[in-house]
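Colleague: Before we start, here is the structure in question, set down as structure tokens.
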Amino acid sequence: VADPRFAFAGLGPRRSGAMGSTKGEAVAGSTASDPRKAGSAGSSGSAAMKAPLVQAAASPVASLEQEEPAVERKGPWCLSFLLYFFSGVAWVASIPILLLSLGGSMAPLVGYPSGVAIALGMFCICVQINQTLATLCVLVVSFSSAASSGSMFAYLMAAVATCMTSLNAPKRIIGGCPRFVALQCRLYGGYHRVTSLSGALSSVRPGKSFFACHPHGILSVGWVSNVLWNSHFHRTAGRTFYLLDKTLRNKGLLARLFCDAFEGPHGGFRDNSAKTLRELMAQGESVCMTPGAFHEATLFSFGREVVYVKNRRGFVKYCLRHGYRLHPVYTFGESETYRTLGGCESFRLWLNTFGIPTVAFFGLWWCPFMPRPGLELRTFVGEPIECPQI
């Protein structure tokens with residue numbers, strides 16, 4: 001992590017020798033959203049970020065943007081909005097929809113608040129067991145409650161809850177959809193004013209490459225627009241597997257539709273368990289992930305560059321074990337996609353260890369889970385660190 005090639009992303013060697021400034025766990029930078037603004041940061045909290053950026057000016061990394069021209073994509077904003085909206089419902093609102101519908105099936109008997117509370121308890125248990133069994137449990141509980149009350153509303157809610165839960169039962173819901181992936185690649189980039197991918201793209205080689213992407217942000221908007229659904233990155237990196245939280249990937253309800261449709265020659269989504277990572281790297285497959293994950297989302301603060309690295313170095317160990325090329329990837333502008341309510345960071349970071357995301361955020365005032373539009377999201381790929389196999 002102290003390699004100078006991380007300098008352009010603000011992850012270079014620090015004068016204090018510390019890895020971070022949030023209880024030694026996060027790298028807090030300036031309020032600048034891209035490297036061109038970093039020089040104007042004047043707060044004391046930005047000093048740690050400013051030093052490595054100055055060092056970068058004298059290194060080959062400073063010329064990355066000139067070395068590879070930015071790839072900017074535009075599309076009809078209204079269509080981009082609709083795609084982001086339905087994606088947000090699938091990725092963010094699936095679990096709330098399940099809880100509300102399951103609770104609604106029991107509402108005529110116990111009341112809506114109590115029904116939702118019971119549904120939450122059931123979800124915490126069912127997510128840990130076989131998903132076919134979980135579907136049967138939801139089916140029995142919801143429809144028996146609806147039958148007891150005789151309410152058509154309860155029957156409707158029971159049907160929704162059962163259908164939602166059944167999405168987790170099969171190993172795969174749908175096959176790969178190249179046309180849908182191509183549509184996503186075209187439209188995600190049109191939501192913001194600028195979405196670009198640049199950097200040392202000419203140094204990327206298919207196979208045995210690890211892309212460590214930062215920051216995660218709230219919903220990884222830059223990662224989605226500039227890496228995941230970016231045909232230019234697919235062509236450059238070749239077959240790559242993108243790692244997600246294991247609950248989201250394997251039990252994400254509506255999100256599984258997007259994950260399964262993504263499968264193709266360019267790679268696919270996998271869970272981020274150590275077992276999966278070992279299997280992929282043993283086969284020499286390229287891997288891309290956001291190591292900061294929920295922790296970076298928890299530490300997110302509007303306009304502040306935050307990276308959670310100190311306790312997320314296991315991927316470096318695996319790169320050394322398998323002799324991988326490690327590419328640092330950083331998106332400037334991610335810190336401006338949402339506003340959040342902070343506080344109780346230590347407690348929320350502790351909850352993250354159980355896979356529980358704890359962040360209250362809002363983007364558009366009239367549609368909170370949508371990111372703020374009109375931003376510049378610029379993603380830079382760093383030159384590879386050639387990890388010796390040890």
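The values are calculated or read from the model by the stated rules, or taken from the named source; none is laboratory data. Predicted model only: the values in this text are computed from it and were never measured. Accessible surface areas use protein heavy atoms only, side chains included; no ligands, DNA or RNA. Shrake-Rupley method; radii C 1.70, N 1.55, O 1.52, S 1.80 Å.
Colleague: What is the projected area of the convex hull of the Cα atoms of the range 179-266, averaged over all directions, in nm²?
Modeller: 6.3
Colleague: Pull out the extension gain between GLN128 and LEU320, defined as 0.36 nm times the separation in residues minus the alpha carbon to alpha carbon distance; nm, one decimal.
Modeller: Gain on extension, GLN128 to LEU320, equals 65.8 nm.
Colleague: Moving on to the next point. Whole number in Å², please: accessible area per residue of the range 127-198, 1.4 Å probe, ligands, DNA and RNA not counted.
Modeller: Ligands and nucleic acids excluded, the figure is 49 Å² per residue.
Colleague: Here is a further query. Any of LYS171/LYS310; LYS251/LYS310; LYS208/LYS275; LYS251/LYS317; LYS246/LYS317 with alpha carbons more than 23 Å apart? Name them for me.
Modeller: LYS171/LYS310; LYS251/LYS310; LYS251/LYS317
Colleague: Right, next: Ignoring ligands, DNA and RNA, what percent of the accessible area of the range 233-382 is carbon or sulfur (1.4 Å)?
Modeller: 57
Colleague: While we're on this one: What do you get for Rg/Rh over the range 118-191 if you use C-alpha atoms and the Kirkwood form of Rh?
Modeller: Rounded to two decimals, Rg/Rh equals 1.17.
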